[in-house]
Structures are given as structure tokens and as C-alpha cells.
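Accompanying notes for the structure given below.
Coordinate-derived values only; no laboratory data. For clarity, every value in this text was computed on a predicted model and none was experimentally measured. Neighbour counts are summed over all protein chains in view; Cβ atoms, including those assigned to glycine, are modelled from backbone coordinates with ideal geometry.
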Amino acid sequence: MGAWQSYRLRLQRKRWRVRAFRKRRELKPVVNRTQEIRPSDILVFSTFRNEYPRLPYFLKYYRDMGVDRFLMVDNDSDDGGREYLAGQPDVSLWTASASYKRARFGVDWLNWLQLKYGHGHWTLVVDPDELFVYPFCDTRPVRALTDWLDASSIKSFSAMLLDMYPKGGIRDVPYAPGQDPLEIASWFDAGNYSIYRNHRYGNLWIQGGPRMRAFFAEEPHRAPALNKIPLVKWDRRYAYHSSTHTLLPRGLNLTYDEWGGEKASGILLHTKFLSSFADKAKEELGRGQHYAASREYRAYAEGVTENPDLWCKWSEKYINWRQLEILGLMSKGNWA
Amino acid sequence: MSLGVVMLVHTAFDRAEQVIRHWVAGGCPVVVHVDKTVDRAENDRFRHRLSDLVDRVKFSRRHRCEWGTWGIVAASQSASELMLSSFPEVRHVYLASGSCLPLRPVRELVAYLAERPERDFIESATTKDVPWTVGGLDEERFELRFPFSWKRQRFLFDAWVEVQRALRLQRQIPGGLVPHMGSQWWCLTRETLSGILTDPNRPEYEAYFRQVWIPDESYFQTLVRLYSRQVESRSLTLSKFDFQGKPHIFYDDHLQLLRRSDCFVARKIWPHAERLYEAFLDPAEQAMKGAEPNPGKIDRIFAKAVERRTRGRPGLYMQSRLPNDNWENGFTSAPYSVFEGFSDLFEDFETWLARTTGARVHGHLFAKTGAEFEGRQKSFAGALSDSPKIRDYNARRFLTSLIWNTRGERQCFQFGPSDSQIITHDLAHDPNAQISVISGAWAVPLFQTGGDFAELRTEAARLQKIEAEHLRALRSPHAKARIRIWTMAEFVESPKDCLQEVIGEFAGTEQRRLTEAPRMVDLTGFGRFLQNLKNEGMHPYLMGDFPVERQPRPVEPVRRKRYLVR
């Protein structure tokens, strides 16, 4: 990479940070418990809109994993989720009624919160429908992972998005608040992923899974990106470039090995495809607040009304992280 | 007979305290060295907490211990001196760290050492014989000077190494010393240790080792060779290192492994590994039947982890493994077979092949109309889609995923000039590919369909061009696949021998003679067809020489041997 390119990326990173700084005005604190954050705390950052049913399980899942604090941005929910979170002792909550799209799909808001509160912490940026899985997560708390990453001088940890879906129609089994979504959406695609390298930012571009085969078979290049780097030892100079797919400075995106070896990596189980999904797709389509002119949601809305079943004969049923490791979706790397 | 423990501590003081109390309860005096980087208040708190053990636990002079520098040796020296002078009954001194955990009751270790009163347990090997590759510095760590910190001043560190290499600067190793290296965790006898500490040449040795790279792995390891009566070159501390030279860490889920290892002490334990501390510091902990340490199983697990990190799983492409070209260490994960022209020439080739070999036989996976999976299913293993656009969007990953997803089962597929050709070069370069070609066989379907001859001629010219291009790739010096190419004329001469040759490569079928051949299409008039193409000015050459009027011999159906029931 030439000096010029490197300089341009630097400018871009600064631009995102300035933008985050400007967008901070859109955030109105609901409950701010950030003064309770201890230096070694592991923090979750998340934005959500009308996700109340998912929130209880979301909090439980990450608390059990050993996350200490939640910093969340509510994008104008009206389903009671805001009030629920405000009552949780480990949640700091902001609300934003401004455009999700113009805040670059929430990235600006979270970049600001991370800049302000994340410096020096391990930060995990996940949506309420994403469940983080890492090697040994059934026997070791997430602090074991971050301690190991610290000892190995690794600053960022990748976790590919794995779309989970139920067997049968998405609407067939209703999701009850507090329920483990994996009880319903327990199936996934094990090995149909396309991987390219993005030379500009050094990250990978992974696409595939049920969304590609069901909704994007005609234009696969438009299928949503699945590569994510959600766990980062944050520094105030860092910035997420587009969602959690890309980070700046670009060295943080090198979460893969290029010389044949495997680095350690995890998975984000994406439990988007629950009974609530169809309505949500319609609503989001109406709002037009999503990436690339809501193309994804349009594709879903069409697909959902036609045939909502993503399951196929070769779908794999989720068991645990070891299964994902054996299938080659994630890796222990040299963590043993 | 007694054992003293020297413990170097820099963090996790509550765990260190627990372990110190455990040693003391087992009858061992402890000398603690607290890293100088630990702030005074923390240090005072720690000392205060241990003040009830004041006559069994001593604190030595503090040094700054940075990884790879002299400080750690200085710390071990000071603490050992204090140990030898304060506790005259001590016969063996065990060097441990705050994150070390005794796995067996202390009395067992004491008894073990009492039976071997003259033995020094210290890993000590000459640099010539150990491929110590971490950091790329093996002999050089004794021959160059390392005044800069590797952790904090990496640039200067590297630059200074380069300068010394360029100027060929070399240090003189003090007379009488032969550089040895090994694990920094040792257990030495009083005689050996005091010999090293009171050596009249100690200032000279120290001056030398101060500028050696990672002296804690070489100072005692080298000097022990001067004083020890009996060196047992292994560490009693179970400590595994990964490929970057940093220690592997033990967690709760290693409990059973550690139990069965029969090792005395393990390092390094994660400070929050509650169950490990609970289990192994339990005073009621059962003896391990006095066995010799046997860390074999743990060794294997960590060796596998290093292997995974450095070599990875061949043929796997995923979010944390995307090798550069030629670094894949196997483009695909298993052998597979590609058949070109066979399904044109034989009517029931796919079913015959599946029956004969037991392999999974697909149609044209790269057909323009979509992937023809076995049984023409819409999707296949791993939920691969048959959509041609998805497949062609990343054809390499389509192929490598297919082979990866079906590990343990041989895959076969058809290929030909009417297919999407994106994958041509990858097939040719892949040592796992077994490619069998009947060149020119694409003409058979044209011949069979008939129709407008002008169109056929154009199509034939197109296919011939594509196949010629493909064959060039297969014949290129870069091709690493196992490749067989017959012209159609050659193949038709003796189809059974050719098939036998191809099938012979499938595991388990080497010895078997073909009992059944696939049915060849009727080629009557095929020579004429080719001649007509020639007459039209389109020269079909890839199928070899076909006489205009000759009837190719049909494949004789093989007569089955009769069953003989005895």
C-alpha cells in the first residue's frame, strides 16, 4: 500500500471520527451508568429498534458469558423496549430519533459511544439478534478469551455472521419473549460461502448462506456481507467504517492468516429469521432506513410472502461451537 | 531433606497467596520476588496479607522483570541467595512463578526429590541441537548484543540486530562456557545453585549474559553444566509454548488432562480458573500413585493447536484462513475425479461409475444452466446452491467448498467445453484432481442431435476452440493434477483398457477387473459426420483420426463368471 493510499485511509478514519462527534448530539441519554464502568470491564455496544421481545434473552446471554456492561442506543422504539432496558442495572441507554440511515446505520452513534467510553476496553458490538460464539464458550467466560488475546497481542477478533433459520415457515412457530431463539431458528448453511479479499481495507468479503441462495440467486454480488469483526480492544483512534464489517486503521481487519494457518475466530449466530421477521421486513421496507436502499428487505418481503421456508435437505442443525469448528466455520487457532 | 520454592510474582496476587500458603502448608519455605513494576501499595498489601507466615515466607530484593531481559535472572539470583541463606535445611530449590500451580500433593514432590538428592532438574540443551526458531534467533542470541527491549523498542531491537549482522559483529563467549538453553523453570540442588551463585567468575558471566537475548532461558541452563553432578535435562514444571514462544494457558476444562498428566507443577494457569485452584489446592487431594510425570496427552493437544495455527486444515477457506496463492498447502481437501467426454460417449456413464466405484457422481457441475448435482438436486452438501450465477460468482470457493463439505466421500463430476470454463486452471493446478479426458467427444451429441448443419458447424468450431484452450492448460508445465488424455479415436479403439486404467485409481478398486462396461452410443456414421465438417472447412482434429466408413467395435459386454456354489 502506497503512502498516498495510506494517507487517504487516515483521512477517512478521521472523517468518521469527526462525524461521530457531530452525531453525538442526536443521542439523548435515558440512563447513563457509565461512571460505574471499571477499567477491566468488557462492554457490549448495540443499537436496536423495536426489539423488545429479544432483549431479555439478549441480556441474559451476554451476562452469562461474562460481559460487564451494556451501552445501548434505542432508535425510536415504541414497543416498551426502552423502558425495559432503562430498568436494568448494567445498561446505559441513549435514545435517538434521528435517521438511522443518516447515522450510517447506527455506526456513527456507536463510534461516538465507543470513542467516549470504550477506550482501553474490550468492546463487543452486536445487534440484539446476534449471539456471539467463540472457541470454548461453553467452558470459559469471555474474559478468558480477551485475556488470551491480550497475551497474544491480538487487538481484533472476527466472528462471521451465520444466518440461523427454522425448519418450515418462518411464521410457523411464534417466538416468546425471553426464549432462546435457537430453539426455533436452529438450522444453518454449513458450507456455501464465497470469500473475497477487499484489498483496499484488507478485510474479507464473505457472502453466502440461506440469504444468498434464497433471495439473491440472480444477483449474488448484492448478497449481504457476513464478515464481521465485533470484538475489539478499543482505542479512541479506531473507527468502524461500515457496520462491523470493516475497521480503520486497516491493520485491525487482518483477522485471517494468509500463509496457510488458521487464526482463532468465532461466530455470530444471526437469529433474524423468527416469526417477527416478516412484519419487520414490511415495516423496515416502508421506512427505507436500511443499507443499499433496503434492497435486502425488499428481497425478503418478496421472498417471505412467496415461500418463507429457508430450510433445505442439506441444512445443518446447530449443536455447539465444536460443531462449527469441525465444519470449518470458525477456528480455535492456537488457543487450546 | 527439604524443598524450598522461589516464586516470581508480578500479577494475580490473590492466586499467588493461595499457592504460597499451599507450599508452606506442605512444609516448604517460600522466597517471593515481586516485580519492581508493581506499585508499592500493592506490594505492601501483598506482604501484609502474608505477614502471619513471616518465618516461612521471605521477600527478596526487587528487580524489574521484563520479558526477554536480564531482570528475571537477577530476580531468581537474589531470591535464591536469600533462600539458601535463610533456610539451611533446604536441599532443592524450585523456581516457580505466581501462575504456577502444584498438581500433586507437595509431600509427593518432596519425596520424589528426596529419592534423587543429587539430581538437578533443568532443561538444558546446546543450541546446535535444538531447532529453537521462535524469533529466528538461536545461536545469534549468544553472539549478538541486545540492549533494546523487544516489547517496547521493537524497531531499535530489529535494527540493531541487522546492524550487527551487517557488520558481522560477534561477541566472545566467556571461556569454559558452552551455551545451553531450555525452559526457565528449574529445580536445582543446593550444591549446584550455590556453586553458580558463588562462582568467582560470576561478574564476568553476568556481564556477558546481561546482553544475551532471553537470558532466563540460558543463564542457569549454561552454568549448571559447570557445577551439576547429575543433570536431568527436563523441567518438572509442565509448561507448553506456542509458536510465538508464549506459554499456553490452562483453564477449568483442562482439569482432567492435568490430573492425568502426573506432573508436579503446571504453568501457566489462568487466574480465574476457579475449579483448577479449588481442585489442586485442596489439602485432601489424592496422591497420584507416585507415577513419573507423563504429559504426553497434553503435549499432543498443544502440538495440534500450533499445527492448526501454522499449517491449518488443507482445502479449508474461511473467515480466519484465506491463504495466498500457493500457500494453501492443498487447494482442495481431498482427491476427486473429473471426467471429460465420458458422458458424451457412454449413455449411462454416471450411473455406471457410481455403481462401479461407490463414489458420488455428479453431472456437469459447471454446466451453464446450473450445477448438475447427483440426482439433479437443487442443492447439495453444505447447502450449495445449483444456481449458475451463485456458482460462477466464486467458482473456486464453489469447488473447494464442495470437496470440503463431502470429506470422506469421493466426488466425481463431468466437465466439457460447453461448461463454464472459469475453473479450468484451478483444476489443472490441483494435485487432488484426477482428470480423464476423451478429447473431441463433445462432437458426439452434435452428431446425434443433427439439425441445421451450418449451426452444427459453428458450434463444433466453438467447442473445439474451448477444448483446445482447456487442453493447453492441462498440458502446461504448471499443471499438477493427475491427467490422462485420450483422443476419442484412441479411446474407442480399446475403451475397456482405458476405463480400467481410470477406475484403477479409486481406492479399493485397484485389484478389481471391470465386470461391466458402460454402454457406448452408436457411432455409426460418426466418421461421415466428421468428414462433412471437414468438407465444410471446419477441421475437427481433437478426436484424432476417424476413418470415414469404419465401424468402431462396440464394447463387448463382459460375461460374468458363473457363480459356483460349493
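The table for this structure:
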item	result
Listed pairs B:Lys58/B:Lys246; A:Lys14/A:Lys116; A:Lys272/A:Lys313; B:Lys36/B:Lys58; A:Lys263/B:Lys151 exceeding 18 Å between Cα atoms	B:Lys58/B:Lys246; A:Lys272/A:Lys313; A:Lys263/B:Lys151
18 Å cut-off, amide nitrogen to a point 7 angstrom out along B:Arg145 Cα→Cβ, residues in segment B:60-77	B:69-71
Angle between chain B longest axis and helix B:154-166 axis [Cα atoms, degrees, rounded to 10]	80
Antiparallel %, DSSP beta bridges [both residues in chain B], to 5	25
Relative contact order (percent, whole number), segment A:111-196, Cα cutoff 8 Å, 6+ residue spacing	23
Estimated FRET transfer efficiency when R0 is 30 angstrom, pair B:Asp55-B:Leu257 (beta carbons, to 0.05)	0.20
Sequence of B:Leu316, B:Leu257 once ranked by neighbouring C-beta atoms within 10 Å, starting from the fewest	B:Leu257, B:Leu316
Spread of Cα-to-Cα distances over 10 Å intervals beginning at zero, given as percent, for chain B	3, 14, 18, 14, 10, 10, 11, 10, 6, 3, 0
Average partner coverage of B:321-328, which counts Cβ from other chains inside 10 Å	5
Footprinting exposure proxy for B:Val178, A:Val126 (fewest neighbouring C-beta atoms within 10 Å first)	B:Val178, A:Val126
Alpha-carbon Debye profile of segment B:455-517, log10 I(q)/I(0) at 0.16, 0.26 Å⁻¹	-0.75, -1.07
Peptide A:212-222, shielding by other chains (average Cβ, 10 Å cutoff)	4
Chain A - percent relative contact order, Cα under 8 Å, separation 6 or more	22
Likely footprinting exposure, A:Ile37, A:Ile326, fewest C-beta neighbours within 10 Å first	A:Ile326, A:Ile37
Under the Karplus curve 6.51 cos²θ - 1.76 cosθ + 1.60, θ = phi - 60°, whole-Hz ³J(HN,Hα) for segment B:94-106, x wherever Gly or Pro sits	10, 8, 9, 10, x, 9, 8, 9, x, 9, 10, x, 4
Inter-probe distance in nm under a simple model that places probes 7 Å from Cα toward Cβ, at B:Leu156 and B:Ser233	3.6
Cβ neighbours within 10 Å from other chains - mean over A:140-151	3
In sequence order, calculated HN-Hα J values of segment B:172-186 (Karplus, 6.51, -1.76, 1.60; Hz; x Gly/Pro)	8, 7, x, x, x, 9, 10, x, 10, 9, x, 4, 7, 9, 10
Degrees, to the nearest 10: B:71-86 long Cα axis against longest axis of chain B	40
Degrees between helix B:395-405 axis and first principal axis of chain B (Cα, 0 to 90, nearest 10)	70
Rg ratio (alpha-carbon, reference 2.2 N^0.38 Å) - the protein assembly as shown	1.16
For segment A:14-327: rounded, prolate or oblate by the Cα gyration tensor [a/c cutoff 1.5]	rounded
Proximal aspartates and glutamates to A:Lys167, defined as alpha-carbon separation beneath 17 angstrom and excluding residues fewer than eight positions away on the same chain	A:Asp180, A:Glu183, A:Asp189, A:Glu306, A:Asp309, A:Glu316
